[in-house]
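Input: a single structure, listed below in structure tokens.
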Amino acid sequence: MGVCVPGSSLLDQLVDYFERRLAGYPTTMSEDECLLADSNLNPKKLVATQLVRLEKKMLNACLKATVDLINQLPDHTVSPCQLLTLLY
């Protein structure tokens with residue numbers, strides 16, 4: 001898909017991407033925290049859960065930053081091409 005998709009903002013596409021990625025995990029952040037609190041957790045499961053939790057934190061931070069940027073725009077009609085010229 002090209003960057004300049006009519007009727008779809010690049011930022012909206014990013015929000016959708018981050019939300020889909022977060023929804024794709026089989027556990028929530030709360031469930032990860034509960035797993036990490038288990039002192040009997042298998043060491044491999046511990047490392048895997050820590051990694052997944054970090055991935056989710058990064059995705060959540062990217063999602064928040066994108067939503068914040070959208071909210072700072074004067075309206076939601078900025079085309080992807082216009083946005084790219086603003087960013088570069």
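What follows is calculated from the coordinates using simple rules that are stated; it is not laboratory data. Here the structure is a predicted model, which means the values were calculated and not measured. All Cβ positions, glycine included, derive from the backbone under ideal geometry; neighbour counts span all protein chains shown.
Numbers at a glance
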read-out	value
Segment A48-E31, length gained on full extension (0.36 nm per residue, minus Cα span)	4.8 nm
Burial ranking of peptide ranges 62-70, 18-26 (average Cβ count within 10 Å, highest at the top)	62-70, 18-26
Inter-site label distance for V67 and D12 at 7 Å from Cα along Cβ, in nm	1.7
Size of electric dipole in the range 20-59: Cβ of Lys, Arg +1 and of Asp, Glu -1, about Cα centre, debye, nearest 20	220
